[in-house]
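Okay, so here's the structure we're looking at.
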Amino acid sequence: MTYTEMLGRRSTILKRNIGSMIRKQNKCGLSGQESNFYYSLLRELHQTEQELNAVRKDS
């Protein structure tokens, strides 16, 4: 598995986890700890996407 494939896979997993957190937030709301976890997932997704775009740009 190449670095680019690993970043793509990580991005897919993060998007799926964020989607489930959004559904939970819409259904019954998030606790404080869940909210912090949600925002950390968003930050990690943005960082992963930036790294993926940088790797693709260099190729």
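Just one of (1) among the hydrophobic types (A, V, I, L, M, F, W, C); (2) part of a helix (DSSP H, G or I); (3) surrounded by fewer than 13 Cβ atoms within 10 Å (Cβ to Cβ) trips up MET1, so point out which.
(2)
Residues LEU45, LEU52: which one is within 9 Å of the chain's Cα centre (by Cα), open to solvent by less than 60 Å² (accessible area, probe 1.4 Å) and hydrophobic (A, V, I, L, M, F, W, C)? Step through it out loud before you land on a result.
Details: LEU52 fails: within 9 Å of the chain's Cα centre (by Cα).
Exactly one of LEU45, LEU52 is within 9 Å of the chain's Cα centre (by Cα), open to solvent by less than 60 Å² (accessible area, probe 1.4 Å) and hydrophobic (A, V, I, L, M, F, W, C), namely LEU45.
Could you give me the residue pairs with C-beta distances under 8 Å whose first residue belongs to region 44-59 and is within 13 Å of ILE13 (Cα to Cα), whose second residue is open to solvent by less than 50 Å² (accessible area, probe 1.4 Å) and among the polar types (S, T, N, Q) wherever it lies, and which are 6+ apart or on separate chains?
LEU45/SER11; THR48/SER11; GLU49/SER11
Could you please find all residues in region 24-42 being part of a helix (DSSP H, G or I) and surrounded by 10 or more Cβ atoms within 10 Å (Cβ to Cβ)? Can you show your working first?
The first filter runs over region 24-42 and keeps only residues part of a helix (DSSP H, G or I), leaving 24-28, 32-42.
Selection gives LYS24, GLN25, GLU34, SER35, ASN36, PHE37, TYR38, TYR39, SER40, LEU41, LEU42.
Look at ASN17 and say whether it is assigned to a helix (DSSP H, G or I) and surrounded by fewer than 13 Cβ atoms within 10 Å (Cβ to Cβ).
No: the conditions fail for ASN17.
The values are calculated or read from the model by the stated rules, or taken from the named source; none is laboratory data. Small disclaimer: the values here were computed from a predicted structure and weren't measured. Using ideal geometry, Cβ is built from the backbone for each residue, glycine included, and neighbour counts are taken over all protein chains shown. For the accessible areas, the whole protein counts, side chains as well, though only heavy atoms, and no ligand, DNA or RNA atoms are used. Shrake-Rupley method; radii C 1.70, N 1.55, O 1.52, S 1.80 Å.
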